[in-house]
Every structure is written in structure tokens, then in C-alpha cells.
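Okay, structure first, notes after.
The values are calculated or read from the model by the stated rules, or taken from the named source; none is laboratory data. Everything quoted here is computed from the prediction, not taken from an experiment. Methodologically, a virtual Cβ is constructed for each residue, glycine included, from the backbone with ideal geometry; neighbour enumeration extends over all protein chains shown. Just the protein is used for accessible areas: all its heavy atoms, side chains included, with ligands, DNA and RNA removed. Shrake-Rupley method; radii C 1.70, N 1.55, O 1.52, S 1.80 Å.
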Amino acid sequence: MTQPDGQNTTLDNLLSENRTFAPSSEFAAQANATAELYQQAEQDREGFWATQAARLHWDTEWNQVLDWSDAPFAKWFVGGKLNVAYNCVDRHVEAGNGDRVAIYWEGEPGDSRAITYNELQREVCKAANALSELGVGTGDRVAIYLPMLPEAVFSMLACARLGALHSVVFGGFSAEALRSRINDAEAKVVITCDGQYRRGKPMALKANVDEAVTATPSVEHVLVVQRTEQEVGWNSGHDKWWHDVVDRQSDQHTPEAFDSEHPLYILYTSGTTGKPKGILHTSGGYLTQAAYTHQAVFDLKPDSDVYWCTADIGWVTGHTYIVYGPLANGASQVIYEGTPNTPDEGRHWAIVQKYGVSLYYTAPTTIRTFMKWGSDIPAQYDLSSLRLLGTVGEPINPEAWMWYREHIGNGTAPIVDTWWQTETGAIMISPLPGVTAAKPGSAQQPLPGISAKVVDEEGNQVGNGQGGLLVLDKPWPAMLRGIWGDDQRFKETYWSKFAEQGFYFAGDGAKYDESGDIWLLGRVDDVMNVSGHRISTTEVESALVAHSTVAEAAVVGASDATTGQGIVAFVILRGGTGSEDSGDSATNALRDHVAHEIGPIAKPRQIMVVSELPKTRSGKIMRRLLRDVAENREVGDVSTLADSSVMDQISAGMKSGSADE
Ligand code: PRX
């Protein structure tokens, strides 16, 4: 939505948003989480978290809930021991729920598989035995480069069972991105597959691994799941088929209890530099908050609900709300391999109808895509099983929120807008579905047990109706324990801005509305959010300047009606900008180059060839001005530019469309 002066009206929409939707009395009466939780947590925060932790099985009880003496390195449930995989699998079998379906897996071509907790236990044990045979032990790292296949879940849980750390790398990342992650974590084993079905076609995956492992000295074995049966390259030195190694293993495996602070996984995420950060999560606190939030925010009733989180396993949402939270709670859930428009745009709703999905969790970008496809598509399906909807990954605009409620939630399902990050490990700010009167577009309040504030640059809490920076002012159980191999970067990135106050700086702007509810306003650093994926401007700039034709590059995230933000790059070519160099074929080659370096998700929407970039006298690129151009706005204040005519040239070039995609 654009006003006559070209300003985006989202902020104004937020200001005037005064619709609220209280839960129905029927929903409230049966809800897991009640208003008392806020009081309990307020009165005794650590006692509250101890109660949540007690929902898990501990082999040894902890003797201290929180040790914050070595801040910002937290220890939760000190002295406690548990096995995360046992908690997610075996204990449900032992409780008599082995016949309950854990995973309804739906392949894109329409094949499917229902996996009970009994079967999940056998598969995880076999995978754990296989990894042990391949030499994986406690503390070792395993890279998992798999799409949405059951084996991805088996592999993650097998690692957890052995006390090995998994590092799942999103299947959309390139060979180069995979290689740098394997090397940073020094992974011993890589688990992948031949290919995956996407958009109705088998797509090769293993080829990327083959390219990556040509320069990964730590890798001893590559374990390959067979999915598409397509031709693959084979290195007999380290490649092994999953079915050859895993299928013959014993389906019995005794889990060992690990310390509550034993590392569970590394997950790489983009920061403000070109090098991704390996976010480190540990066991007891992480699982406690994953299980608690999944039960309270999604109102899970494990014996009657069918839950579906549409995230990819390669992102933190897939880790916490497909694997650890739901399985710790004994949920039955759908996992879907493919794209939402294969074979047609009704696929998600066909799946909801087929399995009777009752809890559905997706991203605003997906909701906006569904809006674009039209409400007549979901209207063709029986969606009456849906009783709660969730969203995550970026701010949801009130229009999309209303559409979601109306056309997917039958006008009644509560919507939980959940704010959190790879670093927070689990949901931090969200309505409680049976308690909160929901407001379209606002994540509203920190969950019971969580403390968050909106503060000014000095760290003072701002008043209602005012904006500032989002901070987390008290430690929480699922918080990251560091950046893999880089304690200094951990301290600098998250803890230095408000070092005096001891606040964690989230990197997000936020505001309080007149009633004190929190509205997230997007990143305040150089991180873009494209379809809910975090990509740093620097990462894309580094990829561009790595190309032989590029001298300099500046990248901005421009608002995009579907993807939230789109990547727009401004590049200066080497050795002049002759027209034959700056045409479509040159910019297309650059877009492909970025896809190759990082992955298709980082492909710029638009590349503009320019002869200068707007810089301050000290040489800092003024991205704000480039964003004005990319969003077709009147260019703002140029007085601090070293050469104020630069923006005129760029704007003129943009208008003539000469360097457009
Ligand atoms: O900017 C916030 C946005 O996504 C960032 C975290 O990205 P990532 O670590 O990839 O994790 C995404 C899934 C948890 C945040 O810093 N974000 C996430 N959820 C929301 C959000 N922005 C607004 N509203 C949300 N509900």
C-alpha cells in the first residue's frame, strides 16, 4: 500500500489498528494455557521454569534452575541429566502411546507414510547404531543436508541420542554455502539424499554435496538416502547408501543421559557480516522451552490434534516446531515434502482435509501467496478441522492476518503471531490462544516466563505509543549458548549494545501501542527478511564482488508485496560500464552467480548497474537512499553525500529501466 508521497503505510496501519478478537468461550474453557500462568511466572520465575522442565523425563534431577554468574553464558537446570531423543520418542512408547502416529509424511507426488511412535523409536535406534558404526560419538558434528523426508527427523534424533551435534543445512543452499558450514563445524559425516521432488520434478541434491566435499577435510562419510532413484555421482571412498548401512542395524539402542548443558545442535544463520554464525543450542533448557511453548501457544492436545508446521527442517522453526517441541509433547503431525502449488494451488488444503489438520503454523509470505491465488481455492476444501492458526518469521500485515482468519480459520480460529529467532530457540512473544484478545498484526506480549522490552538507544524502556529497539532483559531457557567457535562475536553481536544493562539485543525494531502491546517493525541492522529467510546484505554483496565483472556492490532489502522484502543490488562493473556489459545477460549472469554462491533464496530480484554508489564523505554506503530508489520513493536527504549528483544518476537509470532485470 502506497500513499501519494510514496511512503509505505504499514506503520500507519499499525497505529490505527484497533480490532481485537477474543477467543470463544469454548476455546478458552479447554485451553492448555490460562491467565494464571502470567502470575505464576511473575511471582517465581525460576520456580515456573522448574515446573515446565518437570514435564520432561530427567535421569538426574537438576540442583539449580539457572546459573547466570558467567553471563552471557547461561546454564539452565544445572546438574540435571537427560536424553533429548528419549524424551521425544521412547517415553511416549513406554507410556503406552507407541501406536499413535508421530508423523504423517506426505510426499509431493502423493505417496505417503504414517510413522507411529513405535516405528519412530526403531528408526531412530537404527540410525543411531549406524552413526556409531561410522564413528560418530558424543560431541562430534554431523551435517544434515536433507529435504523434508522422515530420514531428516530420524537423523536429527539419532544425533541427539548419541550426544552428537547436528548441523542441518537448508537444502536450498548451494554447494559453496554447504561447504563453508561443514568446514566451520568440522563435521565428520554428511547425510543427504539423491534428490527431492519439487514442483512435480525430481531435483538433484547429492550433486551439491559432491561439489562441497571436494574441500572438506573433516568429512569421513557421506550417507545417502534414496528418494528419487535418479542417477548420482558416487565416490566409493566415502559415499554409502542409507539403506545399506541403516537398514541392517539393530532397532534397539540404549540412550545415555547427558548433562543439561550438553550441546544439542548448531544452526547457521545470517548476521551482519558475510560469514554466517553457527548458533549453538544445548539440551535441557532448550527442550523445556520448546515443549512448553508448543503446548501452551499451539494448545496441543496430543491424543486428538493433528498439527502441521509448514517450515523447512533446515530452519530453526523446523528444529523447534517440527522436531523437538511436537515430539517432546507426543504430537501427531504432518510433514510435507513439496511446494504448495503442486499439483495445484489447493495442495495445502487438500492435506488439511486428508489428515484432519487442527493446528496449522506457517509464514506470512505463504499466507500472502495464498491471498494472491484467491480465496476460492481454500473454499473448495473442508477446513473445519482447523481450530488454531499460527504465523512466524516476519511481521504479518493486518490484511493478511484477517484473510487468514476469515478464509482458513473459518472466522473463528485464534491466530498466534509468534515472534522469536534462531538465537532464542523457541517462541518468546505471542498471544496465548485461550487468553489473549488477539490484535491483527501484533505479537502482543512476552510469554509467561519470558521478559522483553522496547527500549531507546540508552536502554530506557519507552512509553506506550512509542518505538525503539527490542531487547530481552532476562535470560531464558532456550537461549543460544554461543556462536560456534567464536565467543567474542557472540558477546559483540548480542550483548555489547546494552552491556551496561545486561540486555540481549535482538536486532529488531519494535513499538508499544497505546495499550502496551508489542508490534514488531522489522530488522534494524543489515539483515534482510526474504520470505521469512534471513539473508545479510553483506553476504550478497560479498558474493557479487566475488564475480570477476564486479568492482563494487551495495545490496538493500526493498519491500515486496509477497516476500516481505526483495533483494535489490546496485553494482559497479569493472573496467567501465559499456552497454554490452551491463545488459540483461550480464545481470542475469550475476543473479545466477549469487544463487550458486549462496543459494536460490539469495538471488537478487533486481540488479542495477550504476557508475557510482552513494557514499558519505567517510566512505560509508548510504543504503537508505538506495532503498528509496528500490522502493520507487522520492530520494531522501542527500546532504551528507560526498557527491550529491550520484543519486540523480541512479534514479534516472532506474526510471529508464536500462538495468532492470
Ligand atoms: O526480524 C524478526 C523476524 O525474523 C527474525 C528471526 O529470523 P530467524 O532467526 O530466521 O527465525 C525465524 C523463525 C523464528 C527476527 O529477528 N521475525 C520472526 N518472527 C516474527 C518476526 N518479525 C515479526 N513478527 C514475527 N512473528
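Please indicate, with yes or no, whether at least one residue in the stretch 480-491 is farther than 21 Å from R181 by Cα and assigned to a loop (DSSP other than H, G, I, E, B).
Among the residues of the stretch 480-491, not one is farther than 21 Å from R181 by Cα and assigned to a loop (DSSP other than H, G, I, E, B), which makes the answer no.
Being touching a helix residue (DSSP H, G or I) at 6+ places or on another chain (Cβ under 8 Å), part of a helix (DSSP H, G or I), open to solvent by less than 10 Å² (accessible area, probe 1.4 Å) and within 16 Å of the ligand (Cβ to nearest atom), is that true of even one residue in the stretch 332-354?
For the stretch 332-354, residues touching a helix residue (DSSP H, G or I) at 6+ places or on another chain (Cβ under 8 Å), part of a helix (DSSP H, G or I), open to solvent by less than 10 Å² (accessible area, probe 1.4 Å) and within 16 Å of the ligand (Cβ to nearest atom): absent.
Would you point out which residue out of I450, I483 is among the β-branched types (V, I, T) and either open to solvent by 20 Å² or more (accessible area, probe 1.4 Å) or more than 19 Å from the chain's Cα centre (by Cα) (or both)?
Values: I483 fails: either open to solvent by 20 Å² or more (accessible area, probe 1.4 Å) or more than 19 Å from the chain's Cα centre (by Cα) (or both).
Of I450, I483, the one residue that is among the β-branched types (V, I, T) and either open to solvent by 20 Å² or more (accessible area, probe 1.4 Å) or more than 19 Å from the chain's Cα centre (by Cα) (or both) is I450.
Given the conditions (1) part of a helix (DSSP H, G or I); (2) closer than 30 Å to T362 by Cβ; (3) among the hydroxyl-bearing types (S, T, Y), which single one is not true for Y265?
Checking Y265 against (1) part of a helix (DSSP H, G or I); (2) closer than 30 Å to T362 by Cβ; (3) among the hydroxyl-bearing types (S, T, Y), the one that fails is (1).
Considering only the stretch 140-160, how many residues are within 20 Å of C88 (Cα to Cα) and either assigned to a loop (DSSP other than H, G, I, E, B) or of a type in the set (A, V, I, L, M, F, W, C) (or both)?
Looking only at that region, the number is 12.
Can you pull out every residue in the stretch 281-331 that is open to solvent by less than 10 Å² (accessible area, probe 1.4 Å) and part of a strand (DSSP E or B)?
Passing the criteria: H281, T282, Y307, W308, C309.
Starting from residues that are modelled with pLDDT under 90 and in contact with an Asp or Glu (Cβ under 9 Å, 6 or more places away or on another chain), keep the ones in the stretch 575-596 and report whichever is surrounded by the fewest Cβ atoms within 10 Å (Cβ to Cβ).
Applying the filter and picking the extreme gives G575.
If you check every pair at least six apart or on different chains, which have Cβ atoms under 8 Å apart with a residue in the stretch 645-661 that is at pLDDT below 60 first and a residue that is of a type in the set (S, T, Y) second?
Every condition considered, the pairs that remain are S658/S582; A659/S582; A659/T587; E661/T587.
Let me confirm something: among L287, L327, which residue is away from the ligand (no atom under 16 Å from the Cβ), more than 21 Å from A114 (Cα to Cα) and touching a Cys at 6+ places or on another chain (Cβ under 9 Å)?
L287
May I ask you to list the residues in the stretch 373-401 that are hydrophobic (A, V, I, L, M, F, W, C) and either at pLDDT 95 or above or within 16 Å of the ligand (Cβ to nearest atom) (or both)?
I377, A379, L383, L386, L388, L389, V392, I396, A400, W401
Taking the stretch 418-428 as the region of interest, how many residues are surrounded by fewer than 24 Cβ atoms within 10 Å (Cβ to Cβ) and either within 15 Å of Q295 (Cα to Cα) or more than 8 Å from the ligand (Cβ to nearest atom) (or both)?
1
Sort out which residues of the stretch 500-523 are open to solvent by 40 Å² or more (accessible area, probe 1.4 Å), near the ligand (Cβ under 9 Å from one of its atoms) and out of contact with any helix residue (DSSP H, G or I) (no Cβ under 9 Å at 6 or more places or on another chain), and write them in order of number.
R523
Among (1) open to solvent by 30 Å² or more (accessible area, probe 1.4 Å); (2) without any contact (Cβ under 8 Å) to a residue 60 or more places away in the chain; (3) among the small types (G, A, S), there is one condition A413 misses while meeting the rest; what is its number?
All conditions pass for A413, except number (1).
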